[in-house]
Ligand SMILES: C[S@@+](CC[C@H](N)C(=O)[O-])C[C@H]1O[C@@H](n2cnc3c(N)ncnc32)[C@H](O)[C@@H]1O
């Protein structure tokens, strides 16, 4: 018999699970529970220093708890793991995201004043302009957060209307021999976005990066445009430029020459096809110090650095600061609070001050948070 205890959630972990203290002192992570709620918790797995639990029965529920609008939502092995916060109303989700950012920034020296109110998503649902499905050729869906099993779905409320139609068309095409997983593969992946219909689905090939919430991406672009207009300079270095989503904005709002750097050839091909004026494109692995140094060698006088790294953040902050000794402004767009905080500490340790931190919600129903930040070197 597995152990069951009664516990109150007192916090949220970075992956969105509730944190509960077991009477014996260790921490238990529980999906589908919210801070302040009390539940009977069944231990599923003991780890070295913590445990994983599930709700065996609710004792007291948050007033923000709601019936999840999607029937595939849940924390069990047969439930889709895509929207772990859907059981809580959007206001409470936003507050939890803001509070996490606030707690992090309070630990950074002299940075509290920089925090702005969170920018909410206009659409709580119907916002995703791209998606990746898993299929075995017979069934199609997403994976459960619990055990990575295929969970069959026939709809997804966070997808844009166009993508929901594409999902229906893909389901109608089942069974599909071409989607059977190859040897040693459990699933085939199908990538879609709004520019393609079901016949053009990308099979086992990731599409170039695209900010997944168009309306919120437009807000990020507006924020960046305002920065590009007000910071006067001759050279801007843009790291992790992808296919130029932000490069376009910088070109439109600054007279500077832009050095746009990225590792993915396909994304750089898209950027090159935009034929933007004053943009020099370089392909480089920005997690490799030698490659980074080569890319920046001819531009060591640059005063402005703009970067939008993947979740890992920018590991080479210190090396970059050593190379670019004339830097005055750093515009850092991040999709991960933990790595942003690590890198922010590096900038602050090198005489930068956090002028602005704008949290923005790109992904309602999930714990993800986007951070738009501006650091300026002390005079
Ligand atoms: C969050 S996306 C940002 C892209 C772009 N700013 C946009 O808004 O579409 C991060 C980008 O970093 C790129 N990337 C990931 N690892 C990299 C690496 N080691 N070196 C250079 N670029 C990398 C990805 O290909 C992706 O385009």
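Here, each number is a calculation from the coordinates, and none is a lab measurement. Because the structure is predicted, anything quoted here is derived from the model rather than measured. Every residue, glycine as well, gets a Cβ built from its backbone with ideal geometry; the counts of neighbours run over all protein chains shown.
Output the 0 to 90 degree angle, nearest 10, between the alpha-carbon long axis of helix 337-349 and the longest principal axis computed from the alpha carbons of the chain.
With rounding to tens, the tilt is 30 degrees.
Spin-label point model (7 Å from Cα, Cβ direction): what's the residue 318 to residue 2 distance in nm?
4.3 nm
For the chain, modelled as a GNM with alpha-carbon contacts under 10 angstrom, which of 24, 267, 290 fluctuates the most?
Between 24, 267, 290, it is 24 that shows the largest mean-square fluctuation.
Over all distinct Cα pairs, what is the inverse of the mean 1/r for region 130-203, reported as the Kirkwood hydrodynamic radius in Å?
Roughly 12.4 Å, rounded to one decimal.
Using alpha carbons only, how many angstrom separate the centre of region 5-64 from the centre of region 170-218?
35 Å
Once you sort the root eigenvalues of the Cα gyration tensor of region 273-332 as a ≥ b ≥ c, which label holds: rounded (a/c under 1.5), prolate (a/b larger than b/c) or oblate (the other case)?
It comes out rounded by the Cα gyration axes.
Under a GNM of the chain (C-alpha, springs under 10 Å), which listed residue has the highest mean-square fluctuation: 255, 49, 102?
Among 255, 49, 102, the largest mean-square fluctuation in the Gaussian network model of the chain belongs to 49.
Normalised by the number of residues in the chain, what is the relative contact order in percent for Cα pairs under 8 Å and 6+ residues apart?
Averaging sequence separation for qualifying contacts and normalising by length gives 14 percent for the chain.
Once you have the Cα-Cα distance between residue 326 and residue 265, take 0.36 nm times their residue separation minus that, and quote the gain in nm to one decimal.
Length gained, residue 326 through residue 265: 19.0 nm.
With labels modelled as points extended 7 Å from the Cα through the Cβ direction, what inter-label distance (nm, one decimal) is found for residue 183 paired with residue 355?
With each label placed 7 Å out from Cα toward Cβ, I get 5.8 nm.
Fully extended, how many nm does the chain gain between residue 38 and residue 21 (0.36 nm per residue separation, minus their Cα-Cα distance)?
Full-extension gain reported as 5.0 nm.
Starting with the fewest neighbours, write out 85, 223 ranked by other beta-carbon atoms found within 10 Å of each beta-carbon.
The most exposed by this proxy come first: 223, 85.
Compute the long axis of helix 161-172 from its Cα atoms, compare it with the longest principal axis of the Cα atoms of the chain, and write down the angle in degrees, 0 to 90, nearest 10.
Once rounded, the angle reads 50 degrees.
Dividing the convex hull volume of the alpha carbon atoms of region 4-60 by its residue count, what do you get in Å³ per residue?
68 Å³
Calculate the FRET efficiency for residue 116 and residue 338 from the Cβ-Cβ distance with a Förster distance of 35 Å, rounded to the nearest 0.05.
That pair, residue 116 with residue 338, gives E of 0.95.
Considering the alpha-carbon set of region 34-186 alone, what are its Rg and its Dmax in angstrom?
Both quantities, over Cα of region 34-186: 19.2, 59 Å.
For 273, 121, what's the fewest-to-most ordering of other Cβ within 10 Å of each Cβ?
Arranged by neighbour count, lowest to highest, 273, 121 become 273, 121.
How far is the Cα center of region 76-138 from the Cα center of region 295-362, in Å?
Each part's Cα centre sits 23 Å from the other's.
Dimensions of the chain along principal axes (Cα, Å, largest first)?
The principal-axis extents, from largest down, are 66, 51, 37 Å.
In degrees, nearest 10, range 0 to 90: what is the angle between the Cα axis of helix 214-230 and the longest Cα principal axis of the chain?
Computed tilt is about 30 degrees.
In region 222-379, what % of DSSP beta bridges are antiparallel (nearest 5)?
In region 222-379, approximately 45 percent of DSSP beta bridges are antiparallel ones.
Looking at the chain only, what percent of DSSP beta bridges run antiparallel? Nearest 5 please.
65 percent
Which of 89, 15, 308 ends up with the largest GNM mean-square fluctuation for the chain, with Cα atoms connected below 10 Å?
Highest fluctuation of the listed residues: 15.
Would you kindly calculate the mean projected area, averaged across all directions, of the convex hull enclosing the Cα atoms of region 40-116, in square nanometres?
Mean orientational projected area (region 40-116, Cα hull): 7.8 nm².
Give me the number: length gained by fully extending residue 214 to residue 377, i.e. 0.36 nm times residue separation minus the C-alpha to C-alpha distance, one decimal in nm.
Using 0.36 nm per residue and subtracting the Cα-Cα distance, I get 55.5 nm.
Relative contact order for region 4-60: what is it in percent, counting Cα pairs under 8 Å that are at least 6 residues apart?
Once divided by the residue count of region 4-60, the mean separation gives 33 percent.
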